[in-house]
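To start, the structure itself, in structure tokens.
The values are calculated or read from the model by the stated rules, or taken from the named source; none is laboratory data. In this text, all values refer to a predicted model and were calculated from it rather than measured experimentally. So basically every Cβ, Gly included, is an ideal-geometry build from the backbone, and we count neighbours across all protein chains shown. The protein model used for the area step is the full one, side chains on, heavy atoms only, and it has no ligands, DNA or RNA in it. Shrake-Rupley method; radii C 1.70, N 1.55, O 1.52, S 1.80 Å.
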Amino acid sequence: MNDYLQLQGVRKMFGETRVLDHVDLSIREGELVTLLGPSGCGKSTLLRCIAGLAELDGGRILLENKDLAKQPPRSRQVGMVFQSYALFPNLTVSENVEYGMKMRGIARPARRSRCEELLALVDLEEKHDVYPQSLSGGQQQRVALARSLAVQPKVLLLDEPLSALDAKIRKNLRAEIREIQKRLRMTTLFVTHDQEEALILSDRICIMNQGRIVQDGSPEALYTAPRTEFVARFMGSYNVLTRAEALLLFRNVDSTADRFAIRPEAITLLREGEGRTEAVEGCILAGGSVHSVSVLGNIIRLTVDTAGIRLTVDQLNDGRWLRIQEKDNVTLALDPSQLLHLEREGA
Amino acid sequence: MNIRKAGFAPRIVMLLFMAYLLLPLLATGLYALARDWQDSLLPTAWTFSWFSELLGDLRFLSALWTSLYLCLISVALSLVVMLPAVFAITVYFPHWEHFMKGLVVLPYAVPGVVAAVGLIRTYSSGPLDIAGTAYLLVGAYFVVILPYMYQGIRNSLLTVSAVELLQAAELLGARRRTAFLTVILPNIWPGIIVSSLLSFSVLFGEFVLTNMLVGGHIKTIQVYLYQRVGESGHLASAIAISYFVFILMLSMVLMKLGRRMGGEVSK
Amino acid sequence: MKPRNRGVILALLPFLLMVLAFQLVPAVSMLAGSFRQEDGTGFTLGNYLHALQSAYYMQAIKNSLLISITSSLIGIAAGLLCAYCITRFTSRVRDRLLMLTNMTSNFAGVPLAFAYIILLGNNGVFTLLFKQWGWDIFGDFNLYSWSGLVLVYIYFQAPLALLLLYPSFYGIREQWREAAALLGAGRWQFWKTIGLPILAPAIFGTLGILFANAMGAYATAYALVGGNYNLLAVRIGALVAGDVVTQPQMGSTLAVLLALTTLLAVYLNQRMARHAESFGFGPAAKTGSNGKVSLRLRPAVRKELGQ
């Protein structure tokens, strides 16, 4: 059994509300797992339970097969990075980084050199003696990362560490976090509500909703094969269809599911009157009219009304669709093999 | 997420602290209602006679009246003088605010006794001999409430973004004075009422300056209380309690007002 | 001059005149007076020399300093403890407690001294009760002496300390505690390395306010001990507006000395408040030197003073 960190039937109540509802999860050593979900789904609470900052109401948390239940946060060997950095304002950058080592009674020279090492790792060598308040948000978060790595935790918990930063810094830092994580082979649990972030960073993604993990798997698997409507809507701008709508578009569907989904880029767009030779083998053609057009850089996103159903369609922005306008008539090529059959929620 | 319950130790500590704070008040209250209170834990007989005696005492009523009108005049004067000045400084000379801050800290940092020394020296001789008069006292009171009024008016102006409001009104064609009267004033009014009431309650409890500057001539409620302390304990208790209840009601009104305004601003 | 500027100057003029007449001129006059000879003419340092050499005045200064320092230290200790405790309650209970505290802080000066006389004076209720019960722990206690004054001073110092300190406790973010706990710090280690250092500016700043407050306290002492106990503030009052003989120059001198100590203390408070801001929370609350703290619960008013 090589599961490094195991959660078994974890439950947590806040008063009458069930925040975590029998969560099972196991994480391998060196793996980066993302907990992805809307705010209030319990993902941060789960992190706090692992850290020991919140008590469990049921279930077990095992690290290297040892139950963490009885241990206070400080002896769990778990590092955590908070959304709001939580750097100590009365200590300098290096004092912040050395704090955990100091608490563990590590001698000054050893602390010093480890601190240098870590500040080099996060690219902040020049900032030792600066107070955190004078650093930018991205720099503060890197200090927080270095601080939690300094005590060589067995598991690193990142609680929406990038949410407070602006878009560009977020992209850089997320790449940096991934690189450091890979280099140190740090077992990491990353909480976010941003699916793009999750897709780029993770070895594995767990989607959470209402205190449960509703689906987990590799980023590719989750993106291409959502099992429920919630995941389909959360992972991308999937077109979710009712059974009646699916029957209308695809004529017949060979399942009993009552929700279906199709990705916007799996629908091909043909201009009205254009030769239908381009149509892919086996596709079903449907006429429709363009409702809106927006250019998202290399992709053009259209919404098209067909048979009373509004579908989102993504086309590569290769120049062919530059002059398309609202109310233009188009033909859609729908591939039945791309139609996903969704399970009922909570099944 | 502060929903945890207080532990045992904090409860005990706060209980003791509150008992310590309320005991003198309670004792004064009991004393004011006691016919006789000696060598027993609680008074043995009760009476309202001290209060009725108080209300029948002309000196008390005149002291109360003196306090009321002196405080009212001072607050009104302060309003008339401070409103345009603070407005002008906030809107036209924001760089003066540094100097204003220094000026406003002084009444806090300089004790009343010290202020009284300077005032007595300046006004007991020379061209302006107003020693012992209400003029001097009102002037002194003006300085006492300066910090409260300045901060109150300034904060109100800042919370309604007076400068932007004024500019908007002017762009719409209003003249400066009209804009001040029709746009700024109605908006900062609630804040000004709060600081006026606060100033009033501060002045109502003022003793040092009053006693030193005009103690022999003008009797405010505080001076009256001081003079009656030696005479009858029960009567003095009744005065102290009446005074306290009055101040209490005033601060309740203040708090209500403050909360209502705080709510409005934050919404 | 443009008419617009004339209007602005007209708005400022009464204010400047009032401040000049009742704040600045008296201050200068007092300062000048402290350097005048007894007949009010010439220039001399004699008053200061006399004040610092006279055993009587030195005793007043010493008594005032001692009583201020003692009551401030006890007050801040009590305030700190209560401020910590008060953060442990739910916000409803906390607001009630703060309201009560705020309420009693209106009970200062003459009425306060009077309440203590009723309780612990020569014929005070407790004094008589204890005598009757045969307790003599309070046998040595004398309300009209040093110990009595300290007791009464603490009564207005402790609530003030609580009201000024408790907002700073909310400046200590829960996540700092959590981060420290995860990094291996125990509760006590957290307070030693993070909590108290962050509170330090607020503590020292409040100490400054408390000290100034006690140094300048006149009404309470005057009503309680009158001329029987030698305190600087009471001495100044007697020198300037006494019933017997007034010595305005000497009064000015002592007043200048008193003002120096309180100005220094308030300056400390301002410096500390600026320091506290660098930790990312708002200005530490400040207050006047007359023990009035009504309404300082409102954030707007807490921003009072010179920030």
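The residue of segment A:180-197 that is farthest from A:P153 (Cα to Cα), among those that are open to solvent by less than 40 Å² (accessible area, probe 1.4 Å) and either free of Cβ contacts under 8 Å to residues at least 12 places away in the same chain or assigned to a strand (DSSP E or B) (or both), is A:T192. Against the conditions (1) under 12 Å from the mean Cα position of the chain (by Cα); (2) open to solvent by 20 Å² or more (accessible area, probe 1.4 Å); (3) within 10 Å of chain B (Cβ to nearest Cβ), where does C:A217 fall short? Just the number, please. Result: C:A217 passes all but (2). Restricting the search to strands (runs of 3 or more DSSP E) fully inside segment A:209-327 and requiring at least 1 residues that are in contact with a Ser or Thr (Cβ under 9 Å, 6 or more places away or on another chain) and more than 26 Å from A:G37 (Cβ to Cβ) gives A:267-271, A:284-296, A:299-306, A:309-316.
Considering segment B:33-63, and only residues there that are of a type in the set (S, T, N, Q) and outside any helix (DSSP H, G or I), the residue that is nearest to the chain's Cα centre (by Cα) turns out to be B:T47. Sub-8 Å Cβ pairs linking a first residue in segment C:63-76 that is within 14 Å of C:R235 (Cβ to Cβ) to a second residue that is aromatic (F, W, Y), at least 6 apart or interchain, are C:N63/C:W146; C:N63/C:Y229; C:I67/C:W146; C:I67/C:Y153, ordered by first then second residue. Find the residue count for segment B:69-102, including only residues that are more than 22 Å from B:L158 (Cα to Cα) and touching a residue at least 40 places away in the same chain (Cβ under 8 Å). Adding up the residues that qualify gives 6.
Just a yes or no: is a residue in segment B:102-121 more than 8 Å from chain C (Cβ to nearest Cβ) and either buried (at least 20 other Cβ atoms within 10 Å of the Cβ) or of a type outside the set (G, A, S) (or both)?
First pass over segment B:102-121, keeping only residues more than 8 Å from chain C (Cβ to nearest Cβ): none.
No: segment B:102-121 contains no residue that is more than 8 Å from chain C (Cβ to nearest Cβ) and either buried (at least 20 other Cβ atoms within 10 Å of the Cβ) or of a type outside the set (G, A, S) (or both).
Is it true that some residue in segment B:81-90 is polar (S, T, N, Q), in the same structural domain as B:L203 (by TED's automatic domain parsing), buried (at least 24 other Cβ atoms within 10 Å of the Cβ) and assigned to a helix (DSSP H, G or I)? No.
Per the conditions (1) under 23 Å from A:Q6 (Cα atoms); (2) open to solvent by less than 40 Å² (accessible area, probe 1.4 Å), the sole criterion not satisfied by A:L135 is (1). Residue by residue through segment A:2-42, note down the ones that are in a strand (DSSP E or B), in contact (Cβ under 8 Å) with a residue 60 or more places away in the chain and exposed (fewer than 15 other Cβ atoms within 10 Å of the Cβ). Passing the criteria: A:D24, A:R28.
Only residues that are closer than 16 Å to A:L53 by Cβ and more than 9 Å from chain A (Cβ to nearest Cβ) were counted across segment C:178-189, and they come to 1. Every condition in (1) farther than 28 Å from C:A276 by Cβ; (2) open to solvent by 30 Å² or more (accessible area, probe 1.4 Å); (3) in contact with a strand residue (DSSP E or B) (Cβ under 6 Å, 6 or more places away or on another chain) holds for A:E117 except the one numbered (3).
The single condition from (1) open to solvent by 30 Å² or more (accessible area, probe 1.4 Å); (2) in contact with a strand residue (DSSP E or B) (Cβ under 6 Å, 6 or more places away or on another chain) that C:R173 fails is (2). Look at (1) facing chain B (nearest Cβ under 9 Å); (2) within 17 Å of B:V13 (Cα to Cα); (3) open to solvent by less than 40 Å² (accessible area, probe 1.4 Å) and you find that C:Y116 fails only one, number (2). Among residues of segment A:227-239 that are acidic (D, E), those with a beta-carbon under 8 Å from a residue that is open to solvent by less than 40 Å² (accessible area, probe 1.4 Å) at least six positions away or on a different chain give the pairs A:E229/A:V240; A:E229/A:A261; A:E229/A:L342.
Applying the criterion of at least 3 residues that are at pLDDT 70 or above and surrounded by 23 or more Cβ atoms within 10 Å (Cβ to Cβ) to the helices (runs of 4 or more DSSP H) found wholly in segment C:229-307 leaves C:232-241, C:248-277. Quick check: anything in segment C:152-162 over 15 Å from C:T220 (Cβ atoms) and either away from chain A (no Cβ under 14 Å) or in contact with a helix residue (DSSP H, G or I) (Cβ under 6 Å, 6 or more places away or on another chain) (or both)? Yes, there is a match, as at least one residue in segment C:152-162 is over 15 Å from C:T220 (Cβ atoms) and either away from chain A (no Cβ under 14 Å) or in contact with a helix residue (DSSP H, G or I) (Cβ under 6 Å, 6 or more places away or on another chain) (or both). Does segment B:24-32 contain any residue that is more than 27 Å from the chain's Cα centre (by Cα) and either at pLDDT below 85 or not assigned by TED's automatic domain parsing to the domain that holds B:G233 (or both)? Among the residues of segment B:24-32, not one is more than 27 Å from the chain's Cα centre (by Cα) and either at pLDDT below 85 or not assigned by TED's automatic domain parsing to the domain that holds B:G233 (or both), which makes the answer no. Restricted to segment A:124-135, and to residues that are in a loop (DSSP other than H, G, I, E, B) and more than 16 Å from A:V81 (Cβ to Cβ), which residue is nearest to the other protein chains (Cβ to nearest Cβ)? Among them, the one singled out is A:Y131.
What residue, of A:L149, A:L162, is farther than 25 Å from A:M101 by Cβ, open to solvent by less than 10 Å² (accessible area, probe 1.4 Å) and of a type outside the set (K, R)? So that I can check it myself, show each step before the final result.
Working: A:L149 fails: farther than 25 Å from A:M101 by Cβ.
None of the others qualify; the one that does is A:L162.
Of all the residues in segment C:130-161, those that are buried (at least 16 other Cβ atoms within 10 Å of the Cβ), aliphatic (A, V, I, L, M) and over 30 Å from B:L198 (Cα atoms) number 1. Being surrounded by fewer than 19 Cβ atoms within 10 Å (Cβ to Cβ), among the small types (G, A, S) and either within 11 Å of chain A (Cβ to nearest Cβ) or farther than 22 Å from A:V151 by Cβ (or both) is a property that does not hold for C:G195. Residue check: is B:E170 more than 19 Å from B:L64 (Cα to Cα), more than 11 Å from every other protein chain (Cβ to nearest Cβ) and at pLDDT below 85? Here the answer is yes, as B:E170 does meet what is asked. Confirm whether B:T210 is in contact with an Asp or Glu (Cβ under 8 Å, 6 or more places away or on another chain) and open to solvent by less than 30 Å² (accessible area, probe 1.4 Å). Here the answer is no, as B:T210 does not meet what is asked. Please pick out the residue among B:L58, B:L30, B:L68, B:L42 that is surrounded by fewer than 16 Cβ atoms within 10 Å (Cβ to Cβ), out of contact with any helix residue (DSSP H, G or I) (no Cβ under 6 Å at 6 or more places or on another chain), at negative phi and within 13 Å of another protein chain (Cβ to nearest Cβ). B:L42 is the lone residue from the list that is surrounded by fewer than 16 Cβ atoms within 10 Å (Cβ to Cβ), out of contact with any helix residue (DSSP H, G or I) (no Cβ under 6 Å at 6 or more places or on another chain), at negative phi and within 13 Å of another protein chain (Cβ to nearest Cβ).
One line per residue, one yes/no per condition, for (1) in contact (Cβ under 8 Å) with a residue 24 or more places away in the chain; (2) farther than 15 Å from B:G112 by Cα:
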{"position": "C:G171", "(1), (2)": "yes, yes"}
{"position": "C:W188", "(1), (2)": "no, yes"}
{"position": "C:G216", "(1), (2)": "yes, no"}
{"position": "C:R235", "(1), (2)": "yes, no"}
